[in-house]
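Just below is one structure, and these are the notes that go with it.
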Amino acid sequence: MSTRPRGTTALPAGRRSPRLRLAIGLVALATIGSTAVASSASATPPSHGAPDLGSNVTIFDPTTPVSEIQAALDAANAAQIDAEMGTNRLAFYFKPGTYGTAEQPLQIKVGYYTEIAGLGASPTDVVINGKFEVYNRCLGDGGTSNCLALVNFWRTLSNLTLNVNSAGQDGCRASANFWAVSQAVSMRRLNITGANLSLMDYCTAGPQYASGGFIADSKLPFTINGSQQQWLVRNSEVAGWSNGVWNQVFSGVVGAPSEADFPTSPYTTLATTPVSREKPYLFTDADGKLAVRVPSAQTNSSGISWGAGLTPGRTVPLRDFYIAKPGDSIKEINKELAHGKNLILTPGVYDIDRSIEVKQRNTVVLGLGHATLTAVKGSTPLDIADEDGIVIAGVTVDAGLKESPVLVRVGKKNGHGHSGSASNPTTLSDLYFRVGGPHIGKADTALQVNSDNVIIDHAWVWRGDHGVEGFTDTQRWNTNTGRYGAVINGDNVTATGLFVEHFQKYNTVWNGEHGTTILYQNELPYDPPTQADWMNGSVEGYAGYKVGSHVRTHNLYGAGVYVFNQNNPSIHTENGFEVPNRPGVQLHHIMTVNLSAGIIDHVVNGFGGPADTTGIGVPVYITDYPTP
């Protein structure tokens, strides 16, 4: 299969080379967004006794004039549209009601580090007539060339009905609601009506590559995937789906396309999701007060959670949360957690010089507006105990200047020893990691899961391939150091949407039994200086996905490992995947691909391949391993 998405014009062969050209321009962007965008004057202010969610949270009321909502969100987009490595974090919430009209729709562009969500118990309680969109960014020649979606990261849209209205837009823009994004972007609990949803922007310089995404618990119209290289839709409904590049995965999706002609059509389809839990969400309870709904875990499920009423789960009032703001003492946060409080992290960047310790069962840690924890003094920003039902959601974790042994640890340091609860699993939702990018970062391991019965529901674990540091690739290899992306030691761990990129040894190591991954996306590091720097003993390189040699049972569905050794195109990686060759370890729909530099000799264990420069952008697929 070529890199041309079916039904679109030809696209550039190399996938991420534009990211590397961004480094110089991003230096200027680092200063954008340090001041909060002012809230609309008519947005709902905190009332007497209402929780203070901080100055970076704006709550709209249906009585707010459409023009004022539009102005507030336009100002946010202007501040955030180019702030890829900025420090501003924003959340905009809509109380139950209807916003925008047929004649005056809300037409919103969503920039970096921006969360937009409804506050209804159901997505149908908040209706937006208009659009929420992300377009290609044009980064060259003063904003007229090098138009792409490959770095459209870090934004969230959830819990509302979007009745798409294109009034006032031109012919191309009127044809769909555009959501041209890449990693660390989620759409959850959406009900989209009125027009198509397009996951690529075919209006700006024609379709260009986009690199990933995640949708869950949503009811979708006909969806144009187009130039998205990989995507996961989980527990949703879709009226129809077209196109796709390499990995398009559907798990528990009513109306999903068939995988019968894989790889001609690059679809991987599971009728049900083996285990899942929807992300917690803010909503307005029956008394008109803000609360957090914590959905229950599901097994072998499909479709939306809210079709028959309130999503099954429990409601936690905000009085049961400690509401943190940047600058709060970690000692105080830990004291509140120890006393049984849950934790809300309001939008902002938090310097974490000792671990936030989540020790009690059923504790919820909910980040708003892409709240970001930055390791200081080599800390582990989040340390999560071996307890049932802990939920961490909506948090970004950055490595700091001094190496951290691990950025997020779940369970005991020295391996699992806690059986956990299959019916009430610890859950990590929309959890994002960065080693480098906004500043120098160092970590041995980003995510370490030692507990059993854990769900990882959408994680981007990223060692930055570009940033504001101004490094050459050789300098980055020795300065922004990250050895392992995700290390899974616990049993019965399920990952739905695991994106891990650019780490200097194994990107993912899976040592636990009965593990399951549904959609895995990996890019090997761009920047090893020499083959000697990219050796695993006598083996050339490290596989992008490694299952421990002792593991008896493991399932992987829909996975890709990409190579782009820009720093030294002669470098080899022996295998994209490395797993035990036994019947209980099953890989379904896996591939490797060359993005214009370097070589992956084989797909898995010496089978398949090579992915080299004779077939740039052409995947090497294996339908099943071992072969049935």
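The values are calculated or read from the model by the stated rules, or taken from the named source; none is laboratory data. Just so you know, these numbers come straight off a predicted model, no measurement behind them. Glycine also receives a Cβ, built like all others from the backbone with ideal geometry; neighbour counts cover every protein chain displayed.
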Restricting attention to the range 54-109, the residues that are in a loop (DSSP other than H, G, I, E, B) and either outside the structural domain of Gln169 (by TED's automatic domain parsing) or hydrophobic (A, V, I, L, M, F, W, C) (or both) number exactly 4
Within the range 118-127, the residues that are assigned to a strand (DSSP E or B) and buried (at least 24 other Cβ atoms within 10 Å of the Cβ) are Gly118, Val126
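For every residue, the table says whether it meets (1) more than 19 Å from Ile455 (Cβ to Cβ); (2) in the same structural domain as Asp430 (by TED's automatic domain parsing).
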| position | (1), (2) |
| --- | --- |
| Arg319 | yes, no |
| Ile333 | yes, yes |
| Arg361 | no, yes |
| Leu382 | no, yes |
| Asp388 | no, yes |
| Gly394 | no, yes |
Of all strands (runs of 3 or more DSSP E) fully inside the range 257-319, the set with 2 or more residues that are surrounded by fewer than 18 Cβ atoms within 10 Å (Cβ to Cβ) and touching a residue at least 12 places away in the same chain (Cβ under 8 Å) is 297-301, 313-317
Residue match in the range 226-240 (condition: among the hydroxyl-bearing types (Ser, Thr, Tyr) and surrounded by fewer than 24 Cβ atoms within 10 Å (Cβ to Cβ)): no
For the range 124-149, pairs from a residue that is within 25 Å of Leu310 (Cα to Cα) to a residue that is of a type in the set (Phe, Trp, Tyr) and in a loop (DSSP other than H, G, I, E, B), with Cβ under 9 Å and 6 or more apart or across chains, are Thr124/Trp306
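This table checks each residue for (1) among the aliphatic types (A, V, I, L, M); (2) under 17 Å from Gly118 (Cβ atoms).
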{"site": "Thr264", "(1), (2)": "no, no"}
{"site": "Ser276", "(1), (2)": "no, no"}
{"site": "Lys289", "(1), (2)": "no, yes"}
{"site": "Arg314", "(1), (2)": "no, no"}
{"site": "Pro317", "(1), (2)": "no, no"}
{"site": "Ser355", "(1), (2)": "no, no"}
{"site": "Leu368", "(1), (2)": "yes, yes"}
{"site": "Thr372", "(1), (2)": "no, no"}
The residue from Ala495, Ala443 that alone is part of a strand (DSSP E or B) and without any contact (Cβ under 8 Å) to a residue 60 or more places away in the chain is Ala495
So the strands (runs of 3 or more DSSP E) completely within the range 349-433 holding 2 or more residues that are modelled with pLDDT of 95 or more and within 21 Å of the chain's Cα centre (by Cα) are 349-352, 364-375, 382-384, 391-398, 404-410
Being of a type in the set (Gly, Ala, Ser) and out of contact with any Asp or Glu (no Cβ under 8 Å at 6 or more places or on another chain) narrows Gly576, Gly609 down to just Gly576
When restricted to Thr87, Thr58, the only residue closer than 21 Å to Ala291 by Cβ and of a type in the set (Val, Ile, Thr) is Thr58
In the set Asn235, Asn247, the lone residue that is over 16 Å from Arg188 (Cβ atoms) and in contact with a Gly (Cβ under 7 Å, 6 or more places away or on another chain) is Asn247
When the range 198-227 is checked residue by residue, the ones that are without any contact (Cβ under 8 Å) to a residue 40 or more places away in the chain and under 25 Å from Leu431 (Cα atoms) are Ser198, Leu199, Gly213, Ile215, Leu220
